[in-house]
Amino acid sequence: MTIIGWLQISLLFLAVLAVIKPLGLYMAGVFAGERTLLSPLLAPIERGFYRLAGVDQTREQGWLGYTLAMLALSLAGFILLYGILRLQAYLPLNPQGFANVPADLAFNTAVSFVTNTNWQNYAGETTMSHFSQMAGLTVQNFLSAATGMAMAVALTRAFARSQVSVIGNFWVDFTRATLYVLLPISLLMAVVFVSMGVPQTLDASATATTLEGAQQTIALGPVASQEAIKQLGTNGGGFFNANAAHPFENPTAFSNYLNIFAMLSISSALVYTFGQMVGSRRQGWTLLATMAILLIAGVGLVYWAETQGNPILGALGLDPAQGNMEGKEVRFGQAMTALYAAVTTGLSDGGVNGMHGSLTGLGGLVPMFLIQLGEVLPGGVGSGLYGMIVFAILSVFVAGLMVGRTPEFLGKKIEGREMKFVMLAVLILPLAILGFTAVSAMLPFAVASVGTGGPHGLSEILYAFTSAAGNNGSAFGGLSGNTPWYNTALGIAMLVGRFAYVVPVMAIAGSLAGKVKLPTSAGTFPTDTPLFVGLLIGIILILGGLQFFPALALGPIVEHFAMLAGQTF
Amino acid sequence: MSHKPVAPSLVDPAILIPAARDAVLKLDPRKLVRNPVIFVTEAVAVVVTVLFLRDLWARPAEAGFSGQIAAWLWFTVIFATFAEAVAEGRGRAQADSLKRTKSDLTARRLAANGEIEPIPATMLKIGDVVIVEAGELIPSDGEVVEGAASVNESAITGESAPVIRESGGDRSAVTGGTQVLSDMIKVKITVAPGSSFVDRMIGLIEGAQRQKTPNEIALSILLSGLTLIFLFVAVTIWGLAGYSGTVLSVTVLAALLVTLIPTTIGGLLSAIGIAGMDRLVRFNVIATSGRAVEAAGDVDTLLLDKTGTITFGNRMATDFVAISDVTPGEVAEAALLASLADDTPEGRSIAALATGEYGFKAPTREADAVVPFAAETRLSGVDLAGRRLRKGAVDAVLKFAGIAHSDAPAEFHQAVERIARTGGTPLAVADGSRLLGVIHLKDVVKPGIKERFAALRAMGIRTVMVTGDNPVTAAAIASEAGVDDFLAQATPEDKLAFIRREQQGGRLIAMCGDGTNDAPALAQADVGVAMQTGTQAAREAANMVDLDSSPTKLIEIVEIGKQLLMTRGSLTTFSIANDVAKYFAIIPALFVATYPALDALNIMGLSSPQSAILSAVIFNALIIVALIPLALKGVPYRAAAASSLLRRNLLIYGLGGLVLPFAGIKAIDVAVTALNLV
């Protein structure tokens, strides 16, 4: 580890810190329906949409209506995207003449983008037409991100309000998230990316003759526009197979910085929005502090593990000071790869700028574990916030009794009904991750997809289902996922991870909104103190650790200790 | 006084022996299914027992290990049922003495035609009227409809002095099992058989009829959810291990599962609830539902009657103020003499102050004439050795002395005003036409009550004083007692309105009362405590009855409610934190044969995989027994702000729960190895 490396890392976190408050306040204004900076320009457009769709923006929905609207939109998005992929050969903007996407891959991809996962069992530059990339994938990048934000805002309202049955209008929240937040920032960012040399064209691939005289195809397309929302919406699905390790997606050190900054900014600012809307900015900062501590610890651990390198290679005469450079872009080095790897998994982004499968045992453990913790550091746009709130409710319940009162969070009593839905939500990740991994580990044709033998192979399967169920989308590499089994199983894992989680969360929102908001007193369990940060970290780590420790022990943990003992797989 | 709350000994064989028998009876899966965590443990124990029997026959070499695991799994279940049985046993011991008084009673029912027919007490219905004479036991809870009698209620309250029960008014309620000492009363039965207070109390303590409280249900959901998660972890680990060619036996997976699911809190949960009820009973409070006890822990505002709770109830003399050339001693002497024949508490307090503080002795000479207090004259006094000593209301005494109001010295007016302003009552003292001074009578706040209110405030509980006094007097006493707010000149309607207003703001209110006019407020309050001496209406409306009829009890009730919740939370935290160490014992043990490198996780240095697994299972079982005393007694309670309570309990039960099992499992491993058990 170097001082420069840590400086780079700290500078990025400081930059994110600087935008949290202004962006958070802006979003609070947007979701409260107040006049904001962009209202003169966008308000007429917004009203036009409502008129067109017949939405009465003053009419709010109960939790069930809100959730059903969200599910309907997601289903429509899935059908649209699935249709585009299956029919892309007949659709315009297909200069390379790519064939229709096969059914199982189209299912997997459509689910993947609708659930904000962006797991890619295909290589973009050799599978998807420009139309599929733009009208199919990029559109869903916006919709899935806006959906996540809407859910988080609805849950936030449940804490802010007292004894009401409505938590907002999904169509309004969703439209505002897209129109006022995602679109303007994406536009700005796409232009910056173009200025740095990221391609933005509808042309076909270029063909070049290399110095050796070989023919090389250089894939091009509308990359910059997709790159912007890919990061802002914590989607992570790259235009190219190599994702952000590809020079056209991530041409410079600055673009690398901008990538990481973009994924962190909205998710982090939304936590501030939460604090603002529930009337306790301090609560927002408390949650942010929890996220930051765990995330920075994750970055540090990956960074440390990678600079420590592999003692076996050291014994073979490699300079140990180089650390582990396998699978990394030399342009970015260990610090920026470590930062990217931890952030992309602490979030629900899933874009990568290096190969996670090539990280050391410990280095690979961290991204996997961060996803398994539920992607709450700070997590996907919206989904990270509601995931963190579920953890906060759980912490308040377990430890809150210790102060001798029925536990309450932000003045809302946490009782049997809430606990039922919290447990339903918490059950989803282990069910999807461990269940599918265990089944895959026992199916010979599923094991055949594994790229490496030994515990690393198990890590590949475990990572794939972790990434899918967590709606992350990053891959460990090695696993050949484009098979009917993985396309289907991963698709189901993504669906379950997104919707089976968010429906109970929305039920919690409905239940909490109806409760009276209690005043705080000295007897109230304090949830905005350093002690609560510690408690929350403890609960997240212990609960996550207890669920996944046995599986991790058989994968990355054994790899780590075996490497120290001079054995690799 | 009432019998003080004395906890029965934890190692009383009279409780432990029947509890051991009950613990075995409770293994019935139909009963155990109410407790999902322990039910799963029992199911797993059955499976491992079957495997042990198979091993005995097919693989005798492994039977020693699976046999021991099976045995300890059964111990785990039995320890859990034993904890519940002990808690029930202790509660039953409290209830049994009451129960005994109830059985074999014969009631004399007044039939419609006016005849008296003997009938077993258990056959009495609501509305029946029975006749009870001196020496007889009252057959069931009811209301006196005719007559008055002195009743010995010591069986219920422990108070040996008899109390008067009479028809009409606020003292008409009688309790089954208490004895009429004099006279004859007609009692109208107000409860159905089996639902009198004693019956209800027994029902709340005995597990079979015990309803889970809301918080208990929520906690059970958490524990069931965790059990489901770990069931899933244990099942999938078999598949994951299969990938690397490790075949895990069902026995070790069973061990893994049982050590991970929260058996500690699962096993102790109902014992904690029962013990909470039992603690309440020991404080002579009967709750009609467990829900009320929990609500007590959540209370935000205590509505306390001034009289009897905050003050002693009678105004007492605290000072003699002399005017002009009179010395305070002269005033004291005059006041003492004027109060000689005054037998009211106020008069006695004047005499006590004069003899105590000023050292006067009551004269032996009989008074020439006694002027008793009368509503028209509003003064009292004596004529003694030619002196005409009077004390009483200021204007009455001035009139007696023949002094016009405006002629009284300014000093006198100032003293009177000062006393009135601070909520006291001024009494003027005169000797004939000579005005001597003023007696300061005031409502004396009970010693120590201010500190208790401060402690409550630290816990976030507001205290509101309710009084019939005027606002000036109320404010003075409120500030002296340190209450947060007061309701002056409060009518029962005011109380009800106040409670509703507070509840609309989301606050939980506790109050106590005894009169029929208190009933609506008692019913509206989240925790309503009726006095045992109160009317039947009040007792029906309340969700708790205080057998000692002590209004201060409300504070203890809140503390018991809080302690109950704290105990649950602490043991839940402890139970979950324990899992970390168990993983470090079991995971390396499961896989070290396949991946020797994983021995690095064996940070406790346990001697062998089998010993590691067995030690974890043994620790898991023994910790339940070790924590039974804590579950029954409750975690130490202290009045403090939530943040400091949290810090303290998190340190003890969170961090302690994390660290303790490392030491415990290691110690058991050393013992297991030394004894060559595996």
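What follows is calculated from the coordinates using simple rules that are stated; it is not laboratory data. Predicted model, so just to flag it, every value in this text is computed and none were measured. No Cβ is skipped: glycine too gets one built from the backbone with ideal geometry, and neighbour counts run over all protein chains shown.
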Burial-style ranking of A:412-424, B:239-251, A:135-147, average other-beta-carbon count within 10 Å with highest first, yields A:135-147, A:412-424, B:239-251
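Averaged across B:292-300, how many Cβ atoms of other chains sit within 10 Å of each residue's Cβ atom? Could the numbers behind the result be given before it?
Values: counts 0, 0, 2, 1, 1, 6, 7, 2, 6.
Across B:292-300, the average partner-chain Cβ count within 10 Å equals 3.
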Put a dot 7 Å past each Cα toward the Cβ at B:Arg434 and B:Leu622; how far apart are the dots in nm? 8.6 nm
Check which residues have an amide H placed less than 5 Å from B:Thr463's amide H, if you skip close sequence neighbours. B:Leu302, B:Asp484, B:Asp485
Let me check I have the definition right: for chain A, take the eigenvalues of the Cα gyration tensor, multiply each by 5, take square roots. What are those semi-axes in whole Å, largest first? 35, 29, 22
Along the stretch B:646-656, what does the Karplus equation 6.51 cos²θ - 1.76 cosθ + 1.60 (θ = phi - 60°) give for ³J(HN,Hα), rounded to whole Hz, x for Gly and Pro? 5, 4, 5, 6, 5, 5, 6, 8, x, 5, x
Spin-label proximity, B:Val50 to the stretch B:210-235 - amide N less than 19 Å from point 7 Å beyond Cα toward beta carbon: B:231-232, B:234-235
Residues whose modelled amide H sits under 5 Å from the amide H of B:Asp319, counting only those 5 or more places away in sequence or on another chain, are B:His440
Between B:Ala523 and B:Ile217, Cβ-based FRET efficiency (R0 25 Å, step 0.05) works out to 0.55
So the pair-distance distribution of the protein assembly as shown, from every Cα-Cα distance in 10 Å bins, comes to percents of 2, 8, 14, 17, 16, 13, 10, 8, 5, 4, 2, 1, 0, 0, 0
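Projected area of the stretch A:183-315, taken from the Cα convex hull and averaged over every viewing direction, in nm²?
Numbers: hull surface 48.2 nm².
Result: 12.0 nm².
What is the percent of Cα-Cα separations in chain B that go past 32 Å? Show your work: numbers first, answer last.
Details: 145049 of 229503 pairs.
I get 63 percent for the Cα pairs in chain B exceeding 32 Å.
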Using a Cα-Cα cut-off of under 19 Å, which lysines could be cross-linked to B:Lys582, ignoring same-chain neighbours fewer than 8 residues away? B:Lys666
Other chains' Cβ within 10 Å of B:570-578 residues: what's the mean? 3
Per-residue HN-Hα couplings for the stretch A:167-183, Karplus 6.51 cos²θ - 1.76 cosθ + 1.60 at θ = phi - 60°, whole Hz, x for Gly and Pro? 10, x, 10, 4, 5, 6, 4, 5, 5, 5, 4, 6, 6, 8, 10, 6, 4
Of the cross-linked pairs A:Lys412/B:Lys212; B:Lys450/B:Lys553; B:Lys306/B:Lys553, which ones have a Cα-Cα span greater than 18 Å in the structure shown? A:Lys412/B:Lys212
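To the nearest µm²/s, what D does Stokes-Einstein give for the stretch A:115-269 at 25 °C and 0.890 mPa s, using the Kirkwood radius over alpha carbon pairs as Rh?
Details: Rh = 16.8 Å.
Rounded to a whole number, D works out at 146 µm²/s.
Rounded to the nearest 0.05, what FRET efficiency is calculated for B:Val24 and B:Asp395 with R0 set to 56 Å and r the Cβ-Cβ distance?
Details: r = 79 Å, r/R0 = 1.41.
Calculated transfer efficiency: 0.10.
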Given a Förster distance of 45 angstrom, what is the FRET efficiency for A:Ser480 paired with A:Thr58, based on the Cβ-Cβ distance and rounded to 0.05? 0.30
So, in nm, how far is label A:Ala214 from label B:Arg418 when the simple model puts each one 7 Å beyond its Cα toward the Cβ? 10.7 nm
Name the long-range amide H neighbours of B:Ala490: under 5 Å, sequence gap of 5 or more, or other chain; modelled H, no Pro or chain starts. B:Thr467, B:Gly468, B:Asp469
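Counting Lys and Arg as +1 and Asp and Glu as -1, what is the net charge of the other residues whose Cβ lies under 12 Å from the Cβ of B:Met123?
Working: positive: B:Arg109, B:Lys125; negative: B:Glu117, B:Asp128.
Here the count lands on 0.
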Expressed in nm to one decimal, what extension gain is obtained for the pair B:Ile164 and B:Leu655 from 0.36 nm per residue of sequence separation less their Cα-Cα distance? 171.2 nm
Along Cα→Cβ, 7 Å out, is where each label goes; now give me the distance between the ones at B:Ala375 and B:Asp12 in nm to one decimal. 5.2 nm
